[in-house]
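Some notes on the structure that comes next.
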C-alpha cells in the first residue's frame, strides 16, 4: 500500500512496523487512519494509546460519526466537511463537546482496491490531552478561598474557569437541555443521571488544569458545587413542579395551619416556647421568607441553615448580654437568670419563625434538598438542618389553632399605646436587671421608645 505523503511520516511508519497487528486490523476493517502533522508530533512519544485514538471506525447508526478504536471507544468524532469535531455522549444523543476542539482536514488519500483504507491528514492531534497545552493555563487568578452559596456566585466561578481553560458554558446548557425529565420514574433515577452529568463535566474541566490545581481540595469543592448549582438552577422548574404536584396536599395542610395561626395572632409562648425565651426573631423570619425565591437545593439548604443560625445567635446574644449585666453589677451569686435554652425551646422558636415567614412549600423543599443535593460535607450541617425542620413540622402538626393556650402578659406581637407607656414607666422608675432574653427585648423596646419620645419632644 503506497501513499505519497506517508513515506516519511513517523506516525505512519511506527503504525506499520511497531503496531503491525493494529495496522492489519485497520486494513481488514477499512477503518480511517488520521495522521497528525509532523509539527504536532514533535517531542511526543507515539504510544499504542495515541495510535488507537487516531484510528477511527464508523458508527453505523450515525452518518459521518466515528469512534476511536481503543478498548473503551472513548472518543467520538464527527466529520463535517473539512473539519473534524470532538463530540460527547449525553443520554441518548451525541452533542458537541463543551471543550471546543476541532481539527482541520489537510488532505485525504485512499489505497488500492485490494487494500481499501482511508488516510486523513490533519493539522493537529485529535484530542488535546496529548498536546500538553493545558499546562500553560494560569489558574492563579481563581479565588479559591471564596465560598459559594448562590447560583450567581457559581456562575461567576464557572466564567472564571471558562476564561482560563476555554470550557464553553453554552455547551453546558445545551447538554442540560438534552435531559428529558419525563423519562424517569423516580427521583433516585433522575438523581443518578444528574450526578453523572456533574461528574462528567467535573472530570473534563479537571483534566484541563495542572496537577497542583486538580489536587487542591478548595478547587474540587468549588467546582463540584458550582456545577451542581448550575444544573439544578436550569432544571429547577421541571423537577420542582413534579415534586410539588406530588406533595401538594402535604404543603397545603401546613400552609393552611400557618394561615390560621397568623389570624389567631399566635405568639412564641403559645407554640411551646418558655416565657423567658418567647422573643421575636425578625432576622430569622426575614431570612426564611426568602426560601421560596431560592432555586437550587444548596441555596435552599443554605437558607434553612442560616435561619437556624440566626435563631441560635439571637438567643446566645441575649444570654451573653444578660450574663454581662450580672457580672458588672456583682450579683452573680444571687442572680436567678436563665443560662441556657433547651432543645424543645429551640424547636418551638423554629416553629414560630416558620409560621411568621409563611413558606409556601416547605414539605416540597425538604424533599427537594434530600433528593437533589450532593455537594455537601458534614460541615455543611445538612443532616442537623433537615432533622431540625422535620421536628418543627412534627410539632406544628400537633398544634390546634382553635385551642391555643393563653399567651403570657409579657409577650405581645403588637403593643397597645397604654401598655407601651407602662413598659417605659416600669423601666424608667426601677433599676431592673434583665434576667431573661424576653426581659432584655422588652428593655430594648422601652429604650427605643424613650429615645423616640425625647426626639419628638425636642
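Every number in this text was worked out from the coordinates using simple rules, so none of it is lab data. Please read these numbers as outputs of a predicted model, since none were measured by experiment. As a convention, Cβ positions derive from the backbone with ideal geometry for all residues, glycine included, and neighbour counts pool all protein chains shown.
Residues of segment 59-96 with an amide N closer than 13 Å to a point placed 7 Å from the Cα of residue 166 along the Cα-to-Cβ direction: 86. Working note: Cα gyration tensor of segment 146-186, eigenvalues times five, square-rooted, sorted largest first, giving semi-axes of 25, 15, 6 Å. How large is log10 of I(q)/I(0) for segment 218-265 at q = 0.29 Å⁻¹ when the intensity is taken from the Debye formula with one equal scatterer per alpha-carbon? Log10 of I(q)/I(0), two decimals: -0.95. Using only alpha-carbon positions in segment 156-287, the gyration tensor eigenvalues give semi-axes of 41, 23, 12 Å once each is multiplied by 5 and square-rooted (largest first). Each of the peptides 382-391, 247-256, 303-312 was scored by the mean count of other Cβ atoms within 10 Å over its residues; in descending order, highest first, they stand as 303-312, 382-391, 247-256. Each label point was placed 7 Å from the Cα along the Cα-to-Cβ direction; for residue 292 and residue 371 their separation is 2.2 nm. Over segment 158-219, all Cα pairs binned in 5 Å intervals from 0 give whole-percent P(r) values of 4, 15, 22, 22, 15, 11, 8, 3, 0, listed from short to long. Peptides 221-229, 117-125, 276-284, 398-406 ranked from most to least packed give 221-229, 276-284, 117-125, 398-406, packing being the mean of other C-beta atoms within 10 angstrom over each peptide's residues. Spread over its residues, the convex hull of the C-alpha atoms of segment 195-236 is 57 Å³ per residue. Legend: translational diffusion of segment 239-324 by Stokes-Einstein, Rh = Kirkwood radius over C-alpha pairs, 20 °C, 1.002 mPa s; D = 141 µm²/s. Label-to-label distance for residue 107 and residue 159 is 4.6 nm, based on points extended 7 Å past Cα in the beta-carbon direction.
Each residue, residue 255 and residue 242, gets one label point 7 Å from its Cα in the Cβ direction; the gap between the two is 2.1 nm. Can you give the FRET efficiency to the nearest 0.05 for residue 152 and residue 118, using r as the Cβ-Cβ distance and R₀ = 51 Å? It comes to 0.55. Once the Cβ-Cβ distance of residue 390 and residue 204 is raised to the sixth power relative to R0 = 22 Å, the FRET efficiency obtained is 0.05. The ellipsoid equivalent to the alpha-carbon distribution of segment 47-108 has semi-axes of 17, 16, 12 angstrom, derived from the gyration tensor eigenvalues as √(5λ) and listed largest first. Among 342-353, 168-179, 233-244, sorting by the average number of other beta carbon atoms lying within 10 angstrom of each residue, highest first, gives 342-353, 233-244, 168-179.
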